[in-house]
1. Can you name the condition, by its number, that Phe12 falls short on among (1) under 16 Å from the mean Cα position of the chain (by Cα); (2) of a type in the set (A, V, I, L, M, F, W, C); (3) assigned to a helix (DSSP H, G or I)?
2. Would a scan of the stretch 152-163 turn up a residue that is of a type outside the set (Ser, Thr, Tyr), loosely packed, with under 15 Cβ neighbours inside 10 Å and farther than 19 Å from Thr22 by Cα?
3. Please enumerate the residues belonging to the stretch 27-47 that are closer than 23 Å to Ile122 by Cα and assigned to a helix (DSSP H, G or I).
4. From (1) more than 19 Å from Ala146 (Cα to Cα); (2) touching a residue at least 24 places away in the same chain (Cβ under 8 Å); (3) not hydrophobic (A, V, I, L, M, F, W, C), pick out the condition that doesn't hold for Pro93.
5. Identify, please: which residue in the stretch 15-26 is in contact with a helix residue (DSSP H, G or I) (Cβ under 8 Å, 6 or more places away or on another chain) and not in a loop (DSSP other than H, G, I, E, B) and is, among those, farthest from Glu175 (Cα to Cα)?
6. Which is farther than 27 Å from Ala40 by Cα and either out of contact with any Ser or Thr (no Cβ under 9 Å at 6 or more places or on another chain) or not hydrophobic (A, V, I, L, M, F, W, C) (or both), of Arg136, Arg107, Arg153?
7. What residue, among those in the stretch 29-59 that are without any contact (Cβ under 8 Å) to a residue 60 or more places away in the chain and over 17 Å from the mean Cα position of the chain (by Cα), is surrounded by the most Cβ atoms within 10 Å (Cβ to Cβ)?
8. Looking only at the stretch 133-145, decide whether some residue is in contact with a Leu (Cβ under 8 Å, 6 or more places away or on another chain) and more than 16 Å from Ala94 (Cα to Cα).
Amino acid sequence: MPAARVLLLPGFGNSGPGHWQTLWEARHGYERVLQDDWDAPGREAWIAGLDRAVRRTEGPVVIAAHSLGGAVVAHWAALAPTSNVVGYLCVCPADVDSEMHTPDEVRGFAPMPLAPLPFPTIVVASRTDPYVRFARAQEMSQRWGARLVDAGRAGHLNLDSGHGDWPEGHALLEELLARAV
């Protein structure tokens, strides 16, 4: 089996300079899934963007999604249960169902699909993430059939919370890549 390609799926607003996704893209040659409008996300358009990226990638794929990207993958997986995706790292999935934790711009992604995902999944959740309660991230992880990694009191695991390159996260991605061989 050829080596898996990594697709990076940012959330609302994209991942700017210094964000772990941007640093991983530059350092490792991973491919960012592009969306037409990072600041006005539309569920169908973002799902279609992910679908195009997966379909044009030959061989096995591992997705590394952040925040709203987690909802995109869950919706996409429900529509495309068979694919070349062989692993998924979901970092700080945004709770699109929460009135308290969800920005208005992402409410169109509710309800969050909670069916088991058809590929090995690791969910990384923080106990101090402003966009999802830890208990809700636990529920998502359990319902998706994923392994939950407790990141402690780490905020939203982005540059603002002090997570630039984030080597611990890359080690989890490498674990999924190794399983894909």
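The values are calculated or read from the model by the stated rules, or taken from the named source; none is laboratory data. This structure is a prediction, so every number in the text was calculated from the model and none was measured. Heads up, the Cβs are rebuilt from the backbone with ideal geometry, glycines too, and the neighbour counts pull from every protein chain shown.
1. (3) is the only condition that Phe12 fails.
2. Applying the first criterion (of a type outside the set (Ser, Thr, Tyr)) to the stretch 152-163 yields 152-160, 162-163.
Keeping just the survivors that are loosely packed, with under 15 Cβ neighbours inside 10 Å gives 152-153, 160, 162.
Of the ones still in play, those that are also farther than 19 Å from Thr22 by Cα are 152-153.
Scanning the stretch 152-163 turns up at least one residue that is of a type outside the set (Ser, Thr, Tyr), loosely packed, with under 15 Cβ neighbours inside 10 Å and farther than 19 Å from Thr22 by Cα.
3. Step one: filter the stretch 27-47 for residues closer than 23 Å to Ile122 by Cα, giving 27-34, 43, 46-47.
Across the stretch 27-47, the qualifying residues are Arg27, His28, Arg43, Trp46, Ile47.
4. With respect to (1) more than 19 Å from Ala146 (Cα to Cα); (2) touching a residue at least 24 places away in the same chain (Cβ under 8 Å); (3) not hydrophobic (A, V, I, L, M, F, W, C), Pro93 is out only on (1).
5. Trp20
6. Details: Arg136 fails: farther than 27 Å from Ala40 by Cα; Arg107 fails: farther than 27 Å from Ala40 by Cα.
Of the residues listed, the single one that is farther than 27 Å from Ala40 by Cα and either out of contact with any Ser or Thr (no Cβ under 9 Å at 6 or more places or on another chain) or not hydrophobic (A, V, I, L, M, F, W, C) (or both) is Arg153.
7. Among residues in the stretch 29-59 that are without any contact (Cβ under 8 Å) to a residue 60 or more places away in the chain and over 17 Å from the mean Cα position of the chain (by Cα), the one surrounded by the most Cβ atoms within 10 Å (Cβ to Cβ) is Thr57.
8. Pass one, the stretch 133-145, residues in contact with a Leu (Cβ under 8 Å, 6 or more places away or on another chain): 137-145.
Now restrict to residues that are more than 16 Å from Ala94 (Cα to Cα): 145.
The answer is yes, given that some residue of the stretch 133-145 is in contact with a Leu (Cβ under 8 Å, 6 or more places away or on another chain) and more than 16 Å from Ala94 (Cα to Cα).
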